[in-house]
Amino acid sequence: MSKVVIISASVREGRKSHRVALYFKSYLEENRLAETEILDLKSYDFPLFSERLKYQKAPLAAASEFAEKVRHADGVIIITPEYNGGYPASLKNVVDLLTDEWYKKPVAICTVSDGNFGGTQVITSLQFSLWKMKAWTVNAMYPVPRVSQSFDEQGVAADKEAADKRAAGFVGELLWCIEAEARMKK
Ligand SMILES: Cc1cc2nc3c(=O)[nH]c(=O)nc-3n(C[C@H](O)[C@H](O)[C@H](O)COP(=O)(O)O)c2cc1C
């Protein structure tokens, strides 16, 4: 079974987008689509990194652990809130921390806001940064508008059928890329 890590990017007190990370973890597990783990940037509580991990003389153990989890994952789902039309500093901090860990890594981007537009303005900046890192950004979107109404604190969707239907398409594209990448390695 593929290994998919879910990066939950918001470190804000009272954050809401983490609900969507919980939802995707359950969705992948319930449907036996992948082994999964949430890499929670709030729990990691990283400092602002002054250099890429591979050039750091005394890297934090947690930063090395984070990097290894991304390296060994077959694919990544990023759950990002939209802050002023972009992605949060917490996420940029780890995007720039890693280097070859992103190389040809299938990455699916889920954007979240509490407004009507589901954080879709984040896509261009985040996708561009990941493309620069030579990650393989998956051609599917999962925008979540009005997150406080759409998901509860445990990550249960208010309309599970609709959420699952959209997740099937989104995750399906990620799994397709994971399989394609694995076949190329053979
Ligand atoms: C600094 C900041 C900027 C924000 N900018 C936007 C925005 O540009 N568009 C939007 O729809 N929501 C914006 N929001 C609201 C977020 O959509 C809302 O907090 C949502 O719950 C996702 O972020 P969270 O996971 O940190 O809660 C902003 C929130 C913060 C804290």
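For the range 6-59, the solvent-accessible area of protein heavy atoms averages 57 Å² per residue (probe radius 1.4 Å; ligands and nucleic acids excluded).
Across the accessible surface of the range 1-95, with the other protein chains kept in place and a 1.4 Å probe, carbon and sulfur atoms take up 48 percent. Ordering ASN93, PHE128, VAL70 by the projection of their Cα atoms onto the charge dipole of the chain, which places +1 on the Cβ of Lys and Arg and -1 on the Cβ of Asp and Glu, puts PHE128 at the extreme positive end. Can you pull the Rg over Rh of the chain, Cα-only, Kirkwood? Rounded to two decimals, Rg over Rh is 0.94. Here the simple spin-label model places points 7 Å from the Cα toward Cβ, and for SER50 and THR124 these points are separated by 3.5 nm. Take every Cα pair under 8 Å whose residues are at least 6 apart in sequence, average their separation, divide by the length of the range 1-40, and the relative contact order is 58 percent.
In order along the range 55-61, phi translates into HN-Hα couplings of 9, 6, 7, 9, x, 5, 4 Hz, rounded to whole numbers, per the Karplus curve 6.51 cos²θ - 1.76 cosθ + 1.60 with θ = phi - 60° and x for Gly and Pro. Distance between the 7 Å Cα→Cβ label points at LYS165 and ALA180: 2.6 nm. A cut-off under 12 angstrom between Cβ atoms defines the neighbours of TYR142, and their net charge, with Lys, Arg +1 and Asp, Glu -1, is 0.
What shape does the range 10-76 have by the C-alpha gyration tensor, where a ≥ b ≥ c are the square roots of the eigenvalues, rounded means a/c under 1.5, and otherwise prolate means a/b greater than b/c and oblate the rest? It comes out oblate by the Cα gyration axes.
Each Lys and Arg adds +1 at its Cβ and each Asp and Glu adds -1 at its Cβ; summed about the Cα centre, the chain shows a dipole of about 540 debye. Over the range 76-186, what is the relative contact order in whole percent, taking alpha-carbon pairs under 8 Å and six or more residues apart? Relative contact order here is 26 percent. Using the average count of surrounding beta-carbon atoms within 10 Å as a protection proxy, the listed peptides 20-30, 92-102 rank, highest first, as 20-30, 92-102.
The values are calculated or read from the model by the stated rules, or taken from the named source; none is laboratory data. These figures come from a predicted structure and were not determined experimentally. Every residue, glycine as well, gets a Cβ built from its backbone with ideal geometry; the counts of neighbours run over all protein chains shown. Note: areas computed on protein heavy atoms with side chains; ligands, DNA, RNA excluded. Shrake-Rupley method; radii C 1.70, N 1.55, O 1.52, S 1.80 Å.
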